[in-house]
Every structure is written in structure tokens, then in C-alpha cells.
Amino acid sequence: MSLRDVLTDESRKAAVVSDCLSILDAEVKSKKGLSGMAIKTGYKVVKGFKPGFVKNVVTDLLPEFADALEPMADAAKAAGEPAARYFAAHSGELADALLSITDKKAARSTNRVVKGTYDKLRPTAKRHVGDAAPRLGGLVDKYVS
């Protein structure tokens, strides 16, 4: 069964999306300094854009993110490591895989507020997405084990 099938199965999809939103909230909350303030402000703008917007985006991106993470989850399994540890050790690769998806989505967006916020935050996104690698691996461990 593919990672996409596991994470998007109707019997657990709502729980997976909820866990993803918790990861996103925790990552944003953990940011410090000026960069953290920009992340927190941007997240607040996007969340305030339209009720349920972030949840809808996470739900929409989940299948593509699962596909992008599957090779790393398979590599973790082959190495006999938890995905959380493997993802942390390969955080740059993980960030590149996920950001390639969001970059395409942002480029196609017709919403100026969302697109502008994404463009402002994108230069530091690889570091921030990489920081989330252990939590994302933990999510994979939770549902794949």
C-alpha cells in the first residue's frame, strides 16, 4: 500500500489532516526572532483569509506530499530507522521535495494576498520546512507502523 493510500484512506484522512494542522501550528509557534515574527504574521494573514482555508490547502496537498515523502519513508524503512530520525537527517531533501509542490501551486494561484504572502516567506522556507522534518516523520511513523 502506498503512503498516499495510507494517509488519504477515508477512515483516517480527517485524523491525518488534523495531525498535519497540529504540526503546522507547532512549527509556526516555535519560530523565534524577526524571521519567526514574519512567519507568524504570514500564517495569521493566510489563516484569516478565509475560514477553513489552511485546512483545505492541507487536504488538497496531502496526496502530493505523500507521494513526495514516499521515497524517503521507503528509505527509512530499508535502513531500519524511524521516519522521524531519517527525515531529520535528510531535512534538506525533504524540504526541496515539498517546496517543489507548493511553488507550483503558488505560481498558479490567482489570489494576490496568498501569493504575495507566499512570495515573501519563500526565501526562508527551506529552513523552516526542514525544521518540520522530524514531526513529519513522526506523522509517517504514526500511520505507517
Problem set entry | Residues of the stretch 2-47 satisfying the condition of being over 20 Å from Pro134 (Cα atoms), modelled with pLDDT of 95 or more and charged (D, E, K, R) | Asp5, Asp9, Glu10, Arg12, Lys13
Exercise. Of all residues in the stretch 110-145 being outside any helix (DSSP H, G or I) and surrounded by 14 or more Cβ atoms within 10 Å (Cβ to Cβ), which is nearest to the chain's Cα centre (by Cα)?
Worked result: Ala132
Exercise. Out of all the residues in the stretch 89-109, which are surrounded by 19 or more Cβ atoms within 10 Å (Cβ to Cβ) and of a type in the set (Ser, Thr, Tyr)?
Worked result: Ser91
For this session: Among residues belonging to the stretch 1-16 that are charged (D, E, K, R) and part of a helix (DSSP H, G or I), point out the one that is farthest from Met72 (Cα to Cα).
Result: Lys13
Exercise. Does the stretch 85-94 contain any residue that is in contact with a helix residue (DSSP H, G or I) (Cβ under 8 Å, 6 or more places away or on another chain) and closer than 27 Å to Lys50 by Cα?
Worked result: no
Seminar exercise, completed: The lone condition Ala97 fails out of (1) more than 18 Å from Tyr118 (Cβ to Cβ); (2) part of a helix (DSSP H, G or I); (3) at pLDDT 95 or above is (1)
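Out of Lys44, Lys55, Lys29, which single residue is of a type in the set (Lys, Arg), in contact (Cβ under 8 Å) with a residue 12 or more places away in the chain, in a helix (DSSP H, G or I) and closer than 30 Å to Val113 by Cα?
Lys55
I'd like the full set of residues that are surrounded by 14 or more Cβ atoms within 10 Å (Cβ to Cβ) and over 14 Å from Val140 (Cβ atoms), limited to the stretch 14-29.
Within the stretch 14-29, Val17, Leu21, Leu24, Glu27, Val28 meet the criteria.
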Exercise. Restricting the search to the stretch 32-41, which residues are part of a helix (DSSP H, G or I) and loosely packed, with under 13 Cβ neighbours inside 10 Å?
Worked result: Gly33, Leu34, Met37
Problem set entry | Single unsatisfied condition, Val54 versus (1) more than 19 Å from Lys142 (Cβ to Cβ); (2) out of contact with any Phe, Trp or Tyr (no Cβ under 9 Å at 6 or more places or on another chain) | (2)
Seminar exercise, completed: The residue from Ala84, Ala78 that alone is in a helix (DSSP H, G or I), in contact with a Pro (Cβ under 6 Å, 6 or more places away or on another chain) and modelled with pLDDT of 95 or more is Ala84
For this session: Would you check which residues across the stretch 42-53 are among the hydrophobic types (A, V, I, L, M, F, W, C), under 17 Å from Arg122 (Cβ atoms) and open to solvent by less than 50 Å² (accessible area, probe 1.4 Å) and list them?
Result: Val46
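The values are calculated or read from the model by the stated rules, or taken from the named source; none is laboratory data. Everything numeric in this text was worked out from a predicted model, so none of it was measured. Methodologically, a virtual Cβ is constructed for each residue, glycine included, from the backbone with ideal geometry; neighbour enumeration extends over all protein chains shown. We work out accessible area using only protein heavy atoms, side chains counted, and drop any ligands, DNA or RNA first. Shrake-Rupley method; radii C 1.70, N 1.55, O 1.52, S 1.80 Å.
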